[in-house]
Amino acid sequence: FNVKMLIVNVLRGLFGLACAWLLANLGRCNGDQLRLDRLAYCEERLGKLPSHDPELLILRDLFQTWLSNRRVEFDMEALREKIRNPPTSLEDQYAWKTSWNESYVIHRIENAKLTRTEIEAKLVSVVRDLREKGLIEPTTNVQDLVHCTSGHLQPRLFPDQPLVSFMLQYFKRPRAIDKFVTMLQACNNLIPSEFLINVDSPQEGQQWADLSWSTNGFVIPVMSFNVHELRGYNRLAGVARGKYMVLLQDDDLIEPADCSWLPKLVNQFEAMPTLAMVGLNRMQLSHGEGNDLNAYNFMDPNTTNNIIFAFQVDLAPLAIRRSAYKFVGGLDEGMSDPGECGIWSDWELSIRFWTAGWHVAYMPLIRKAPSDPGEVGGTHKSETGVRCWGRQQGIASTLYMARWGAGWGSGPGKFLESLENYVRIVNLKVLKGLYTQCPFRKGCDLEGDPPLPERFRDYKHEDRPMVQA
């Protein structure tokens, strides 16, 4: 077994070196960002426009939506004819079997036709504008544009897509299941949603399968075997289709129960394209005390929501833009072995988002309520608490400090102090302050990085790099 693992690790290392060479020399490597060359056919016709030019992306979306609606229109017209003149052969009867009545089919036809007609007018306008600007060759026709913009579709335009994916980490809480379904169906009534569950107790599989059936697929269980938070949430993120993900834990319900908080959350994400993550539980503005953590100190003047950009936010609930989560690689599964709790992974992900150029915030939108009153949370039980809050917290925090702090075995250092200051400035420049007294221990100047008062020694730790090089 050890020899096998050694060979696997050596091969992985060689692949990593090969990948680095490909990136350096060719700009190509599976799994990393690439620069892909356009087909010569398309380059000849669109050479003055880069592949991701906004006008080409608009055209792509219009073409994709036209095709989707034309498909509905064409198929429903045929179905309407079959409803009026039922087929006689068993094969045709099965092919055109439907529970829809004629009025609903006509409604679909009319909607699709109206949308298609509107899109055609927009297409004429966009293409005419490109011709007048000389951005496409005179010989380039609309079908050329269809070919050369359709290499990458927009999944958000697929029919019946949820906007929000609720993702629950679950282990042996059967009395809470129906409460979560009821709570999230209220959310689905406001914003198209789906409910994904990492079921870490697969012996309950039949109950979850029955629930998926009875909710017409709203409930989507993913059977695991005690992989716990890091791997569970990453697994669910791979299944999720929503633009935004809300991470939940099985010991907490969310109030208000009418889900009136969700439209505000979605609206905030939509208003801030670089907003990657919004904490709904707790947040920090630094390592160490001295900042005012009152989220009502700020508001977004565009949405009027109370919001504050946060240095770190805590699981859970926790809302994340799915594309940003994928961009930074998700939760770091290297922080623990399978089955261990995900402590410190939320703080690590927060810092990683900021470092990658995204923003992290906190919004005071919800209250937590116990899903199963009287039942202690799994990591807070006497037999499991020390394993998570002692052993795993010790190793995860050490790894965190090795990446973001002053090094392995050290504490927070100058990088994290610089990030605290950056978050402070983003708050002051982007949001509207509602405070009467400056909430930041570094002050409220819009520029610079003021030194901390001497009593705050949170970042004064010795550098311990991985290697001396």
**Fill in**
The correct count of residues that are in contact with an Asp or Glu (Cβ under 7 Å, 6 or more places away or on another chain), open to solvent by less than 40 Å² (accessible area, probe 1.4 Å) and β-branched (Val, Ile, Thr) in the range 218-227 is 1
**Asked** When you look at MET167, is it buried (at least 18 other Cβ atoms within 10 Å of the Cβ) and assigned to a helix (DSSP H, G or I), yes or no?
**Response** no
**Residue that is nearest to GLN161 (Cα to Cα), among those in the range 180-208 that are of a type in the set (A, V, I, L, M) and outside any strand (DSSP E or B)** = ILE191
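So that you can scan it fast, the table gives a plain yes or no per residue for (1) open to solvent by 30 Å² or more (accessible area, probe 1.4 Å); (2) part of a helix (DSSP H, G or I); (3) modelled with pLDDT of 95 or more:
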{"position": "SER418", "(1), (2), (3)": "yes, yes, yes"}
{"position": "VAL423", "(1), (2), (3)": "no, yes, yes"}
{"position": "ASN427", "(1), (2), (3)": "no, yes, yes"}
{"position": "GLU454", "(1), (2), (3)": "yes, no, no"}
{"position": "ARG457", "(1), (2), (3)": "yes, no, no"}
{"position": "LYS460", "(1), (2), (3)": "yes, no, no"}
**Message:** For LEU293, only one of the following conditions fails: (1) among the aliphatic types (A, V, I, L, M); (2) open to solvent by less than 50 Å² (accessible area, probe 1.4 Å); (3) within 30 Å of PRO451 (Cβ to Cβ); (4) not in a strand (DSSP E or B). What is its number?
**Reply:** (2)
**Request:** Kindly list the number of the only condition in (1) under 24 Å from ALA276 (Cα atoms); (2) surrounded by fewer than 21 Cβ atoms within 10 Å (Cβ to Cβ) that fails for GLY390.
**Result:** (1)
**Prompt:** If you take the residues of the range 299-318 that are surrounded by fewer than 22 Cβ atoms within 10 Å (Cβ to Cβ) and touching a helix residue (DSSP H, G or I) at 6+ places or on another chain (Cβ under 7 Å), which of them is nearest to TRP404 (Cα to Cα)?
**Reply:** ASP314
**Item:** Of residues in the range 228-264 being touching a residue at least 24 places away in the same chain (Cβ under 8 Å), in a helix (DSSP H, G or I) and under 13 Å from the mean Cα position of the chain (by Cα), the one surrounded by the fewest Cβ atoms within 10 Å (Cβ to Cβ)
**Value:** VAL239
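Residue under question is GLY409, and the condition is that it be surrounded by fewer than 16 Cβ atoms within 10 Å (Cβ to Cβ), not in a helix (DSSP H, G or I) and not aromatic (Phe, Trp, Tyr); does it hold?
On the way: surrounded by fewer than 16 Cβ atoms within 10 Å (Cβ to Cβ): yes; not in a helix (DSSP H, G or I): yes; not aromatic (Phe, Trp, Tyr): yes.
The answer is yes for GLY409.
Suppose we keep only residues that are within 21 Å of ILE106 (Cβ to Cβ) and among the acidic types (Asp, Glu) within the range 77-91. Which one would you say is least open to solvent (accessible area, probe 1.4 Å)?
Step one: of the range 77-91, the residues within 21 Å of ILE106 (Cβ to Cβ) are 77-87.
So of that shortlist, the ones also among the acidic types (Asp, Glu) come out as 77, 81.
Values: GLU77: 58, GLU81: 92 Å².
Selected residue: GLU77.
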**Prompt:** Tell me, which residue of the range 433-442 that is within 33 Å of the chain's Cα centre (by Cα) and more than 21 Å from ALA406 (Cα to Cα) is surrounded by the most Cβ atoms within 10 Å (Cβ to Cβ)?
**Reply:** PHE440
**Request:** Pull up the range 363-381, narrow it to residues that are exposed (fewer than 14 other Cβ atoms within 10 Å of the Cβ) and in a loop (DSSP other than H, G, I, E, B), then point me to the one that is modelled with the lowest pLDDT.
**Result:** VAL376
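The values are calculated or read from the model by the stated rules, or taken from the named source; none is laboratory data. Here the structure is a predicted model, which means the values were calculated and not measured. We place every Cβ from the backbone using ideal geometry, glycine too, and count neighbours over all the protein chains shown. Just so you know, the surface numbers come from the protein's heavy atoms only, side chains and all, with ligands and any DNA or RNA stripped out. Shrake-Rupley method; radii C 1.70, N 1.55, O 1.52, S 1.80 Å.
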